[in-house]
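Notes follow once the structure below has been shown.
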Amino acid sequence: MGRIIVITSGKGGVGKTTSTVNIGMALAQLGRKVVLVDGDYGLRNLDLLLGLENRVVYTSLDVIQKECKLEQAVVKDKRQPNLGMLAAPQSRNKTAIEAGQMKELVENLSQTWDYVLIDCPAGIETGFQNSVAGAQEAIVVTTPEIAPVRDADRVIGLLEAQPVQTIKLLLNRFRPAMAQTKEMMTIEDVKEILAIDLIGVVPEDQQTIVASNKGEPLVFGQSLAALAYQNIAQRLEGKTIDLLDLTKMNNIWSRIWRTLTTKL
Amino acid sequence: MKLLEIWKSFFPDRNDSRNIVKDRLRLILAQDRCAVPAEVLTLMRAEILAVVSRYFEIAPEGTEINLETDDRTTVLIANLPIVRVKPLEPAKEVTVSFVLDLN
């Protein structure tokens, strides 16, 4: 039986889909069989970030309505044969399926895949309830800002009422320079406020946009964000890996910063 | 001692946005976690006002009844400006019956 993990956040636009794609691809690169499931009925995006939008034939709704077999609906990634994706229907809304059906679907997937990662839609309504239904673990994505942290807290509260066993925090779009000048919350601040364990910190990285433009996951490249996602995959595999020392980023500003903060 | 710390000791900045956002979040989350439904608060406000109005005439502008949370304790703060004391009426039975479960 594979692990079923939902990636959720409450707030939209904090990087759920980007995180799903990159954690999934990084796990696949480690040799695991990973299937990504788009839980966002009506607003699917997972296929776009993977660059697989032209290869979607069937969706999870077709599987549920028995229009096709489960294996037929999973799109295999040509670049990484360990990775598959199950798209959400684009034309239907979130009431098209029920939580029980989604639970059965992901549990069936977990028979043949090592990891089933569910990309949860924003919000805490039907789409969220459906995506969370079959999950044993949850990764809550937030950025170090007021609205995403508040929504993350709400989602953590809702997840605690579900049969989800472990809830981990992914701090995305972190800007170490701003945290150092006290213009942004630090990693410790967010951890203390939300009071759950951290699975990783991903720095703000322009490569994220480049990667989505091309439909190629970040982890194919060499960026700092890619490294952060690879570390998260290793931690999911049970390895102990220290957080990236983001203050050592090698650019002119961080060098000047280091000069300023060096002990005299 | 770091150069930046020396600089900051000359120009202390208590109101950096990091601390502002932390303070704001603490308050908001305490209210969220306490989770008193808005309709319960509205109902309670109306009942408190009804009881107090039997004895005092209250200025409606300036009236405030709110839950405030600080350091993990939640208190109900009511601010009811009194215009005058009403003459005592024969007491009527007032039944307040709702259960407020904060957990």
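Since every read-out is calculated from the coordinates, none of them should be taken as a lab result. Note that the structure is a prediction, hence the values are computed from the model and not measured. Note that each Cβ is placed from the backbone with ideal geometry, even for glycine, and that neighbours are counted across all protein chains shown.
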Would you work out which of B:Pro60, B:Ala38, B:Leu76 lies farthest towards the positive end of the dipole of the stretch B:37-87? Charges go on Cβ: Lys and Arg +1, Asp and Glu -1.
B:Pro60
Here FRET efficiency (C-beta to C-beta, B:Arg54 to B:Ile77, R₀ 25 Å, nearest 0.05) is 0.75
For the pair A:Thr112 and A:Asn213, how long in nm is the line joining their label points, each one 7 Å along Cα→Cβ?
3.7
For the pair A:Lys66/B:Ala46, report the inter-label distance in nm, with labels modelled 7 Å from Cα in the Cβ direction.
5.1
List the residues, sorted by chain then number, that are 5 or more residues from A:Ile118 or on another chain and whose placed amide H is less than 5 Å from its amide H.
A:Ile5, A:Val6, A:Ile7, A:Val37
If unit charges are put on Cβ atoms (+1 for Lys and Arg, -1 for Asp and Glu) and the dipole of chain A is taken about its Cα centre, the option from A:Ala179, A:Leu246, A:Ala122 lying farthest towards the positive end turns out to be A:Leu246
Using the alpha-carbon atoms, what tilt in degrees (0 to 90, nearest 10) does helix A:99-112 show relative to the longest principal axis of chain A?
80
Residues of A:176-189, mean number of Cβ from any other protein chain within 10 Å of their own Cβ, rounded to a whole number?
3
Inter-site label distance for A:Lys33 and B:Arg24 at 7 Å from Cα along Cβ, in nm:
4.8
Using alpha carbons only, how many degrees (0 to 90, rounded to 10) separate the axis of helix A:252-261 from the longest principal axis of chain A?
50
Go through the stretch A:121-185 and name the GluC sites (Glu not before Pro) that are in a DSSP coil and have 14 or fewer other Cβ atoms within 10 Å of their Cβ.
A:Glu125, A:Glu183
I need the trypsin sites (Lys or Arg not before Pro) found in the stretch A:14-88, filtered to DSSP loop residues with at most 11 other beta carbons within 10 Å of theirs.
A:Lys66, A:Lys69, A:Lys78
MRE, 222 nm, helices only [DSSP H, n ≥ 4, -39500 (n - 2.57), over chain A, to nearest 500]
-11500 deg cm²/dmol
What's the Cα-based Rg to Rh of the stretch A:51-95, Rh via Kirkwood?
0.99
Give the Kirkwood hydrodynamic radius (Å, one decimal) of the stretch A:3-261, defined as one over the mean of 1/r across all pairs of different Cα atoms.
18.5
Taking every residue in B:17-27, how many Cβ atoms of other protein chains lie within 10 Å of its Cβ, on average?
5
Crossing angle, helix A:16-29 versus chain A [Cα axis fit, 0-90 degrees, rounded to tens]
90
Under the definition of Cα pairs under 8 Å and six or more residues apart, what whole-number percent is the relative contact order of the stretch A:32-164?
30
Report, please, the projected area of the stretch A:91-222 averaged over directions, based on the convex hull of its C-alpha atoms, in nm².
9.9
Determine the alpha carbon to alpha carbon distance for each of A:Lys33/A:Lys239; A:Lys16/A:Lys182; A:Lys66/A:Lys103; A:Lys69/A:Lys168; A:Lys33/A:Lys69 and list only those over 24 Å.
A:Lys16/A:Lys182; A:Lys69/A:Lys168
